[in-house]
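*Asks:* Take this structure first; my questions come after.
No value in this document is a laboratory result; all are computed from the given coordinates. Not measured: the values here are computed from a predicted model. Cβ placement follows ideal geometry from the backbone for every residue including glycine, while neighbour counts extend to all protein chains displayed.
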There are 2 protein chains.
Amino acid sequence: MNIVIIGSGNVATHLALAIKNAGHTIWQIFSRTISNADVLAGMVGAEATNDCLALRTDADIYLISVTDGHIADVISNMPQVNGVVAHTAGSVSLDVLSRFSLYGVFYPFQTFTKDKVLNFREVPLLVEGNLSVARRRLRALAEDISDYVQKSNEEKRKALHMSAVFACNFVNHLYVQADELLSKAGLSFDLLAPLIRETTQKALSMKPKYAQTGPASRFDKEVINSHLAALGDDSLSYQIYQLLSESIMQATRDE
Amino acid sequence: MNIVIIGSGNVATHLALAIKNAGHTIWQIFSRTISNADVLAGMVGAEATNDCLALRTDADIYLISVTDGHIADVISNMPQVNGVVAHTAGSVSLDVLSRFSLYGVFYPFQTFTKDKVLNFREVPLLVEGNLSVARRRLRALAEDISDYVQKSNEEKRKALHMSAVFACNFVNHLYVQADELLSKAGLSFDLLAPLIRETTQKALSMKPKYAQTGPASRFDKEVINSHLAALGDDSLSYQIYQLLSESIMQATRDE
């Protein structure tokens, strides 16, 4: 298929590479910043443009992979095209694309970092379409790059996105907090590696609620208070420690 | 060496098995609940007791591995012994053991679940002692069961423990939250597996602060507000989402 990609960020980059590697042709990469478009276009042998009106109208699929806040803007500036137009966002309605005749959602459920290679075949891809022809075309592309393609709907996609914010974005932020605590004591984050590995492995091999350990799950107020005192009550870390401990205690009581 | 273990919980169980497997002899397992002592004693070929005064006084090392709140109680009830007495807690002072002549801390830095086998050789073990003879004896035992033995002190041990609460206990609680969101939408936690694996791998291969992604790190208020609305402001999940997003935005601004 012939594909146009709108965007040049993390998701756009990983998608473009996976699509190119699956043997499809990427005609154009659009980015408001032409130098960004140039870099990605160079990687996948496409034409770079920063002019919405220069987009070809005869591609099979247009993937809009820009930050959520720019999706509406991109859509209103695009020419009327014949292919299927899909965005890649977890929490943006399918309906924002209704000015096109064929449209959908192409949502890769993974965290992407530009310089980190990852195997796209293992990335779950959720597909929605306004008509079955749109859905089928997106699904065909999805199956060429991933082994975990799933039909979705707005409600499920949003639940997935929210769960990803908790299990990925927020989890990473807790690693950042842990890293800071260790730095302050002159210790390396590497010391945490076995613990982090084991925590992850446990969560993937049993229901996470049965894997809960730590002072809060033991209602160990003495340890909790000594940690809070060390964090200092003017810090966000203090508030995070307090709130998450409270939430763990509530979950433990509810069981 | 001849070892006495006080406690029969997760940590006591994993320690006892590792020590036994390293070829040492476990003389006694103490637990206030004799049936718990019996189970662990049976696994490591030791005598079970629920009577502090029945503890032998001539073991080389006594490991106190009970919940933090019970450590003081156990210590005051123990007979005066000749060996090194050590507790295994992350956030309890070494000084609570000062009624003994040789004492220390033997802190395994890992999360333990009773029924989950783990390779103790990969568990970092932090050792402290009141005198070098105590420290040396504990270190010798530590090196027999782990490849990552490190001399510690009170301040470092506390920082490590706190970082573990963030990177392990709190992380697991976020997995619990994600699991609940998915359940409500009729989706399986397994869908999150690739994302969780990638998040972990990224945190271990780069500084976590450079791996931060998600709506908050993009200051994407629209997505954040739509997620908050879906969570409902009477829930702890709502508060967690709000506070962690705020903290991510602050960390992103500070960079």
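*Asks:* For the stretch A:44-86, how big is the tail of P(r) above 12 Å, as a whole percent of Cα pairs?
*Replies:* 65
*Asks:* Through the Karplus equation 6.51 cos²θ - 1.76 cosθ + 1.60, θ set to phi - 60°, convert the phi angles of the stretch B:157-173 into ³J(HN,Hα) values in whole Hz; use x for Gly and Pro.
*Replies:* 4, 5, 4, 4, 4, 5, 5, 5, 4, 5, 7, 10, 4, 5, 4, 4, 5
*Asks:* Could you work out the local net charge near B:L182, counting Lys and Arg as +1, Asp and Glu as -1, over the other residues with Cβ closer than 10 Å to its Cβ?
*Replies:* With Lys, Arg at +1 and Asp, Glu at -1, the net is -1.
*Asks:* Then there's this: Over all directions, the average projected area of the alpha-carbon convex hull for the protein assembly as shown comes to how many nm²?
*Replies:* It is 24.5 nm².
*Asks:* Another question, then. How would B:L131, B:L63, B:L204, B:L191 line up from fewest to most surrounding beta-carbon atoms within 10 angstrom?
*Replies:* Ordered from fewest to most neighbouring Cβ atoms within 10 Å, B:L131, B:L63, B:L204, B:L191 come out as B:L131, B:L204, B:L191, B:L63.
*Asks:* Below 27 Å, Cα to Cα, which lysines can B:K207 reach? Residues fewer than 8 away in the same chain don't count.
*Replies:* Output for B:K207: A:K114, A:K116, A:K184, A:K202, B:K151, B:K156, B:K158, B:K221.
*Asks:* Looking at the P(r) of the stretch B:2-152, how many percent of alpha-carbon pairs lie beyond 19 Å?
*Replies:* 46
*Asks:* In square nanometres and to one decimal, what's the mean projected area of the convex hull around the Cα atoms of chain A?
*Replies:* Value for chain A: 16.3 nm².
*Asks:* For the stretch B:84-161, what is the convex hull volume of the alpha-carbon atoms per residue, in Å³?
*Replies:* Measuring per residue, one finds 87 Å³ for the Cα hull of the stretch B:84-161.
*Asks:* Among B:M249, A:M206, rank each residue by its count of other Cβ atoms within 10 Å, from fewest to most, as a rough exposure measure.
*Replies:* The fewest-first ordering by Cβ neighbours comes to A:M206, B:M249.
*Asks:* If you don't mind, there's one more thing I want to ask. Through the Karplus equation 6.51 cos²θ - 1.76 cosθ + 1.60, θ set to phi - 60°, convert the phi angles of the stretch B:9-26 into ³J(HN,Hα) values in whole Hz; use x for Gly and Pro.
*Replies:* Using θ = phi - 60°, the values come out as x, 4, 5, 4, 5, 5, 5, 4, 5, 5, 5, 4, 5, 7, x, 8, 9, 9 Hz.
*Asks:* What FRET efficiency do you get for B:N82 and B:V39 if R0 is 30 Å and r is their Cβ-Cβ distance, rounded to the nearest 0.05?
*Replies:* The pair B:N82/B:V39 has a calculated efficiency of 0.60.
*Asks:* Please compute the contact order of chain B in relative form: average sequence separation of alpha-carbon pairs under 8 Å and at least six residues apart, divided by the residue count, as a percent.
*Replies:* About 12 percent, as a whole number.
*Asks:* For the stretch B:157-254, just the Cα atoms, rotate onto the principal axes and tell me the three extents in Å, largest first.
*Replies:* Sorted largest first, the three principal extents are 38, 32, 25 Å.
*Asks:* Still on this structure: Could I get the Rg over Rh figure for the stretch B:25-99? Both from C-alpha atoms, Rh via Kirkwood, rounded to two places.
*Replies:* Reported Rg/Rh (Cα atoms, Kirkwood Rh): 0.94.
*Asks:* So, one more: Between the alpha-carbon centers of the stretch B:166-186 and the stretch B:231-251, tell me the distance in whole angstrom.
*Replies:* The two parts, judged by their Cα centres, are 14 Å apart.
*Asks:* Using the 7 Å Cα-to-Cβ label point, sort the distances from A:A54 to its equivalents in the other copies shortest first and give them in nm to one decimal.
*Replies:* Inter-copy label distances (nm, one decimal, shortest first): 8.6.
*Asks:* Shifting gears a bit: Rounded to whole Hz and in sequence order, give me ³J(HN,Hα) for the stretch B:30-45 from the Karplus expression 6.51 cos²θ - 1.76 cosθ + 1.60, θ = phi - 60°, writing x for Gly and Pro.
*Replies:* With coefficients 6.51, -1.76 and 1.60, one gets 9, 8, 4, 9, 4, 5, 5, 4, 4, 4, 5, 4, x, 5, 10, x Hz.
*Asks:* Moving on. Suppose we keep just the DSSP beta bridges with both residues in the stretch B:2-152; what percent of those would be antiparallel, to 5?
*Replies:* Around 20 percent antiparallel, to the nearest 5.
*Asks:* Here's something else I'd like to know. Can you give the net charge of the other residues whose Cβ lies under 15 Å from the Cβ of B:M249, counting K and R as +1 and D and E as -1?
*Replies:* -1
*Asks:* Pull up the DSSP beta bridges for chain A and report the antiparallel fraction as a percent, rounded to 5.
*Replies:* In chain A, DSSP labels about 20 percent of beta bridges as antiparallel.
*Asks:* Once the other residues with Cβ under 14 Å from the Cβ of A:A48 are scored (Lys, Arg +1; Asp, Glu -1), what is the net sum?
*Replies:* -1
*Asks:* What FRET efficiency do you get for A:T57 and A:N10 if R0 is 35 Å and r is their Cβ-Cβ distance, rounded to the nearest 0.05?
*Replies:* In this case the efficiency is close to 0.80.
*Asks:* Can you show me the helix-derived [θ] at 222 nm for chain A, built from DSSP H runs with n ≥ 4 at -39,500 (n - 2.57) apiece and divided by the number of residues, rounded to the nearest 500.
*Replies:* Estimated from H runs of four or more residues: -14000 deg cm²/dmol.
*Asks:* Based on DSSP, what percent of beta bridges with both residues in the protein assembly as shown are antiparallel, to the nearest 5?
*Replies:* So the antiparallel bridges amount to about 20 percent of the total.
*Asks:* Further question: I need the calculated FRET efficiency for the pair A:N119 and A:Q250, taking r as the beta carbon distance and R₀ as 51 Å, to the nearest 0.05.
*Replies:* 0.85
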